[in-house]
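Throughout, read-outs are computed from the coordinates displayed, never taken from laboratory work. Everything numeric in this text was worked out from a predicted model, so none of it was measured. Quick reminder, even Gly has a Cβ in these numbers, built from the backbone with ideal geometry, and neighbours come from all protein chains shown.
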Amino acid sequence: MNIFLVSFIGAFCSADITAFGQFMIYRPIFCAPIIGFFAGDVITGLCIGIISELFWIKTVPMGVAVIPDISMIGILSTFWTCAYFPGFKDATILGILLAIPFAYLYRWIDILGRKLNVKIMHWVEDGIKDAKIWRIEIGIWSGLLFFLLRAFLFYLFAIAIGGKLFCDIYAELPKYVLSGLAKAWYLFPAAGFGVAYNMTNIRVLFLGNSGND
Amino acid sequence: MIKLFIRSFFLQALWNYERMQNIGFVFILRPFFDRLYAVEKEKKEALLRHVGYFNSQPYMVGIIVGIVANMEKKIAKMEPANRKETIRNMNRVKSNMAGPLAAIGDPFFYGELRPMLSFLSMFIMVMFAKRRSEYIILAPIIFISLYNFLQLKTRIRFLYEGFKYSSNSMKILARFKSTSDSVRFGVFVMAMAAFSLYLAVFGFSSEGRLFNSGDIDLLAYIAIFLLSFFASNKFGPLFSMFSVLAICIIMSVLGI
């Protein structure tokens with residue numbers, strides 16, 4: 001699967017978090033299997049989708065919160081695994097672990113992008129004052145375009161650099177670590193359900209209203 | 001109204017730290033103002049009334065758009081000298097509604113409806129995975145279709161009711177409470193069903209065999225679930241993930 005196409009799909013999924021629509025295509029449970037489908041390994045995509053969705057089930061952009069780009073965890077790990085080690089359970093888990101820093105790094109880039117939006121917003125406001133109402137459209141489209149562009153470029157960077165790291169690390173890992181990663185493939189969903197139960201309102205049944213909310 | 005509906009998808013395209021969704025809100029209303037005000041100066045003033053701070057729930061913002069559009073229609077018919085009080089009222093309604101709508105909508109859509117459909121999707125995935133069916137790809141499609149059917153329905157209904165009933169349309173929110181209770185119960189049921197099926201497929205069968213005895217396998221799955229449940233309560237999901245990974249590697253080192 002072409003890295004430009006993956007970056008393009010990834011950028012659209014990232015934009016769905018805040019910038020456009022909120023159709024939930026950014027959720028790993030949707031985007032990871034879709035990438036897996038195009039890359040010819042749906043099962044890997046589904047597995048990554050379930051694990052990522054469970055661990056980050058409460059990661060949603062509520063209010064002013066800027067969340068780590070969890071679509072990146074699903075898309076990058078599915079792409080790396082399908083491209084380099086299709087069907088390898090240990091590589092699947094390594095892919096998820098390696099994609100996490102990229103998702104958190106992109107959050108900082110996203111925050112910088114929103115600071116740039118303040119400048120565009122003032123430019124639009126000044127435009128309305130000067131009867132240049134067309135600036136509203138330009139402002140909105142440029143906000144969306146910058147969002148897509150930075151996500152697209154970051155995906156290209158992450159796929160290339162991360163892919164190289166992924167292969168190198170996998171080749172260097174001792175056998176017992178690989179065996180541990182393969183065990184994690186079975187146990188991560190159980191752990192994910194634990195996290196998900198805790199993060200959703202089911203927690204109230206077990207722990208009352210105290211907790212990490 | 002169709003134009004306003006389509007434009008509502010762009011509410012957060014220029015989301016910013018200073019005034020959040022302000023330009024998005026102005027962008028939604030712009031075609032309405034184009035029709036309402038023939039005089040450029042009046043249109044400019046109307047747009048400037050809405051560039052202040054605004055932040056609400058993207059799916060439910062339609063109700064505010066509808067009410068504001070209705071009030072703007074009244075303002076447009078008034079003499080410029082008599083508009084002050086109505087403008088003040090409109091701004092009050094807008095700012096008073098934005099917060100509560102977000103407080104209702106965000107937990108409902110993101111905290112209840114989406115997790116419920118995620119669990120449903122997982123249940124279908126595990127079920128098809130057990131049968132090794134090629135229809136497994138339908139699971140994420142069902143998730144996205146159901147979620148978007150409900151969120152699009154809410155967007156359309158709220159915009160329509162905002163337009164039609166203006167400030168009386170807030171009654172619609174009362175109906176949300178009963179829906180929210182049902183969905184909360186749905187999250188619980190679907191989460192239990194998905195986890196039970198996962199345990200049945202991996203904990204009891206040879207597919208998820210970690211140890212030689214199937215009973216120990218099931219215990220390991222439940223122990224990991226409980227560890228993760230309590231660890232994430234105190235330290236968050238990433239801590240849980242890396243703790244489980246460390247346990248898996250230690251198991252491998254020990255040859256278990």
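Would you mind giving the mean number of other chain beta-carbons within 10 Å of the Cβ of each residue in A:109-119, as a whole number?
Working: counts 0, 0, 1, 0, 2, 6, 3, 1, 10, 5, 2.
Average neighbour count from other chains, rounded to a whole number: 3.
Give the shape of chain A as rounded, prolate or oblate, defined through the alpha-carbon gyration tensor: a ≥ b ≥ c are the square roots of its eigenvalues, a/c under 1.5 means rounded, and otherwise the shape is prolate if a/b is larger than b/c and oblate if not. Display every interim value, and only then the final one.
Details: a/c = 2.54, a/b = 1.50, b/c = 1.69.
The shape class here is oblate.
From Cα pairs below 8 angstrom and at least 6 apart in sequence, can you work out the relative contact order of chain A, rounded to a whole percent? Walk me through the intermediate numbers first.
On the way: 258 pairs, mean separation 56.2, N = 213.
Computed value for chain A: 26 percent relative contact order.
Helix-only estimate, please: 222 nm mean residue ellipticity of chain B, summing -39500 (n - 2.57) across DSSP H runs of length 4 or more and dividing by its residues, to the nearest 500. Could the numbers behind the result be given before it?
On the way: 10 runs with 182 residues, N = 256.
The per-residue figure over chain B is -24000 deg cm²/dmol.
What are the membrane-span-like helices in chain B by this rule: whole DSSP H runs, Cα extent along the axis at least 30 Å, mean Kyte-Doolittle hydropathy at least 0.5?
Details: long enough: B:84-106 (33 Å, -0.52); B:138-165 (39 Å, 0.55); B:172-198 (38 Å, 0.92); B:214-235 (31 Å, 1.25).
Counting only whole DSSP H runs, the qualifying helices are B:138-165, B:172-198, B:214-235.
Can you list which of the DSSP-assigned H helices in chain A have a Cα extent of 15 Å or more along the long axis and an average Kyte-Doolittle score of at least 1.0?
On the way: long enough: A:3-17 (21 Å, 2.03); A:28-39 (16 Å, 2.03); A:42-55 (20 Å, 2.09); A:70-84 (21 Å, 1.38); A:89-129 (59 Å, 0.48); A:135-172 (54 Å, 1.34); A:175-199 (34 Å, 0.66).
Helices passing the filter in chain A: A:3-17, A:28-39, A:42-55, A:70-84, A:135-172.
What does the highest-first list of A:78-86, A:135-143, B:2-10 look like by mean Cβ count within 10 Å?
Numbers: A:78-86: 23.9, A:135-143: 20.0, B:2-10: 16.6.
The peptides rank, most packed first, as A:78-86, A:135-143, B:2-10.
Can you tell me the FRET efficiency between residue B:39 and residue A:176 if r is taken as the Cβ-Cβ distance and R0 is 60 Å, rounded to the nearest 0.05?
Working: r = 77 Å, r/R0 = 1.28.
The pair residue B:39/residue A:176 has a calculated efficiency of 0.20.
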